[in-house]
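Take a look at the structure set out below.
The values are calculated or read from the model by the stated rules, or taken from the named source; none is laboratory data. The structure presented is a predicted model; accordingly, all values stated were derived computationally and were not measured. Cβ placement follows ideal geometry from the backbone for every residue including glycine, while neighbour counts extend to all protein chains displayed. In case anyone asks, the SASA skips ligands and DNA or RNA and just uses the protein heavy atoms, side chains included. Shrake-Rupley method; radii C 1.70, N 1.55, O 1.52, S 1.80 Å.
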Amino acid sequence: MPVGAAGPFSPAGSAAPFVPVGPAGAFSPAGPAEAPAPATAIVVVSHSRRLAEGVAEIASQMAPGVVVRGVGGLDDDLGTDARAVRGAVVDLLDAGHQVLLTADLGSALMVAEIVVEEEARPAEGRCALAVDCPVVRGTLAAAVAARAGGDAGSCARAAARTAADWPAGPA
């Protein structure tokens with residue numbers, strides 16, 4: 001399917017040509033300086049660096065131009081580094097983005113919520129939200145919503161809706 005064509009992960013009627021933008025290293029291809037990145041950026045918080053970076057890579061492939069950063073692990077071990085999460089969020093807020101955080105497990109979500117509480121300043125235009133959702137599907141849905149121009153709140157709602165579609169398992 002050609003870039004910009006409507007597909008299962010693009011908003012209906014979206015046929016505008018795509019111009020990739022975003023900082024290198026954030027799994028977002030670099031593009032012309034005059035083209036603005038979507039307003040909402042995403043931080044994937046995980047206990048595993050490889051998981052966080054993999055989810056960020058997939059989301060960036062599905063929603064080119066959206067800044068998605070994966071933050072996970074403690075040095076060469078599993079764990080959630082609150083300082084690294086805060087650093088990613090602050091960098092994106094300082095760059096003028098609204099920031100949505102998705103997380104893989106409860107304690108990663110708790111770290112994300114603490115960072116949001118400490119760094120979000122709506123009166124200053126610093127919007128950050130954490131959402132409880134299936135990390136891969138929710139991050140993909142949020143990235144597609146961000147690509148369509150969604151703010152952090154609408155991206156969080158898109159991510160949260162994926163939980164309703166999640167199979168309940170055997171009865």
Practice problem: Filter the range 83-110 for residues that are open to solvent by 20 Å² or more (accessible area, probe 1.4 Å), part of a helix (DSSP H, G or I) and not polar (S, T, N, Q) and give the result. | Solution: ARG83, ALA84, ARG86, GLY87, VAL90, ASP91, ASP94, GLY106, LEU109, MET110
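Which one of these is under 16 Å from PRO134 (Cβ atoms), open to solvent by less than 30 Å² (accessible area, probe 1.4 Å) and among the β-branched types (Val, Ile, Thr): VAL45, VAL71? Don't jump to the end; show me each part of the working.
Working: VAL71 fails: under 16 Å from PRO134 (Cβ atoms).
Among VAL45, VAL71, only VAL45 is under 16 Å from PRO134 (Cβ atoms), open to solvent by less than 30 Å² (accessible area, probe 1.4 Å) and among the β-branched types (Val, Ile, Thr).
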Quiz item: Does the range 88-134 hold any residues that are over 15 Å from ALA41 (Cα atoms) and in contact with a Ser or Thr (Cβ under 9 Å, 6 or more places away or on another chain), and which are they?
Solution: ASP104, LEU105, SER107, ALA108, LEU109, MET110, VAL111, ASP132, CYS133, PRO134
Exercise. Filter the range 131-160 down to the residues that are touching a residue at least 60 places away in the same chain (Cβ under 8 Å) and farther than 15 Å from VAL66 by Cα, then identify the one that is surrounded by the fewest Cβ atoms within 10 Å (Cβ to Cβ).
Key: VAL136
